[in-house]
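Down below is the structure, laid out as structure tokens.
The values are calculated or read from the model by the stated rules, or taken from the named source; none is laboratory data. Since the model is a prediction, treat every value here as computed from it, not as a measurement. Note: ideal-geometry Cβ built from the backbone for every residue, glycine included; neighbour counts use all protein chains shown.
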Amino acid sequence: MATTEGCLVASTNRGCKAIYASGGATCVLLRDGMTRAPVVRFSSAKRATELKFFLEDPHNFDTLCVVFKKSSRFARLQGIQCAVAGKNLYIRFSCSTGDAMGMNMVSKGVQNVLNFLQNDFPDIDVTGISGNFCSDKKPAAVNWIQGRGKSVVCEVVINGDVVTKVLKTTVPALVELNMLKNLTGSAICRCSWWVQCTCCQHCFCNFYSHGAGSSTKHRKFSLYYYDGGC
């Protein structure tokens, strides 16, 4: 872990020990798709919606896939989601990128499609390769709902005796703390994501130790905690 916070390392080790002592965790990959969302402009909202319908038409998807992958051996188009704001159209491309994070290959694929669209939509004005509907390097509801990068669900059941021996507390005390801190405390401070926990900090320090940029903390990890019962 890339951190100078000694207590964070100790806390992580303690949590990993508790999970291991309880039989490990089960993780399932739900989605895996990187996104890029350019913003384009037309002379009217009608023209913007015409492109939206064209891009979301299933009959056009195979052609767009061929155009998209011309610049990469690994990037593959998974889907397109559009949002209209007046004369502006935000086009969210979702793509698989192999083992890479893949923003460069995705951006090149998106540019291929934008160039192709000029054949049928010569009046298209590409304002930016990213219109922030991706949404890159920041927590956003669209990433929470639609997913960006890898979306996983993980489950672990911590035994009561492990809570006592390793975490040095009891199950009732831990449940009460969760209610008072993560629910009531978050409501009092009007936490934007409602639930406050340090999952992102732990993941970020591990990821950063492998050479990832500091923006990864916001770009990669939008985590939430669900208490399924004790």
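Within the stretch 43-62, count every residue that is in contact with a Gly (Cβ under 9 Å, 6 or more places away or on another chain) and over 15 Å from Gln81 (Cα atoms).
So the count comes out to 1.
Checking the conditions here, which among Val9, Val28 is aliphatic (A, V, I, L, M), over 28 Å from Asp120 (Cα atoms) and exposed (fewer than 13 other Cβ atoms within 10 Å of the Cβ)? I'd like the intermediate steps shown before the answer.
Working: Val9 fails: exposed (fewer than 13 other Cβ atoms within 10 Å of the Cβ).
Only one candidate passes the filter, namely Val28.
Checking Cys200 against (1) within 23 Å of Gly23 (Cβ to Cβ); (2) at pLDDT below 75; (3) of a type outside the set (A, V, I, L, M), which single condition isn't satisfied?
(1)
Could you list, in sequence order, the residues of the stretch 32-60 that are surrounded by 14 or more Cβ atoms within 10 Å (Cβ to Cβ) and of a type in the set (Lys, Arg)?
The answer is Arg36, Arg41, Arg47, Lys52.
Quick one: which residue in Arg14, Arg73, Arg92, Arg36 is assigned by TED's automatic domain parsing to the domain that holds Cys134, more than 25 Å from Gly131 (Cα to Cα) and either touching a residue at least 60 places away in the same chain (Cβ under 8 Å) or under 27 Å from the mean Cα position of the chain (by Cα) (or both)?
The conditions single out Arg73.
If you go through the stretch 159-192, how many residues are of a type in the set (Ser, Thr, Tyr) and within 18 Å of Ala10 (Cα to Cα)?
Selection size over the stretch 159-192: 2.
Grab the helices (runs of 4 or more DSSP H) fully contained in the stretch 1-112, keeping just those with 3 or more residues being within 24 Å of Gly149 (Cα to Cα) and of a type in the set (A, V, I, L, M, F, W, C).
58-68
In the stretch 110-123, which residues are free of Cβ contacts under 8 Å to residues at least 60 places away in the same chain and surrounded by 15 or more Cβ atoms within 10 Å (Cβ to Cβ)? Walk me through it before giving the result.
The first filter runs over the stretch 110-123 and keeps only residues free of Cβ contacts under 8 Å to residues at least 60 places away in the same chain, leaving 111-113, 115-116, 118-119, 122.
Residues satisfying the conditions are Gln111, Asn112, Val113, Phe116.
From the list Ala85, Ala141, pick out the single residue that is assigned by TED's automatic domain parsing to the domain that holds Ser43, out of contact with any Ser or Thr (no Cβ under 8 Å at 6 or more places or on another chain) and at pLDDT below 95.
Being assigned by TED's automatic domain parsing to the domain that holds Ser43, out of contact with any Ser or Thr (no Cβ under 8 Å at 6 or more places or on another chain) and at pLDDT below 95 holds for just one of Ala85, Ala141, which is Ala141.
Give me a count of the residues in the stretch 108-129 that are under 11 Å from Cys95 (Cβ atoms), within 21 Å of the chain's Cα centre (by Cα) and either at pLDDT below 95 or among the β-branched types (Val, Ile, Thr) (or both).
1
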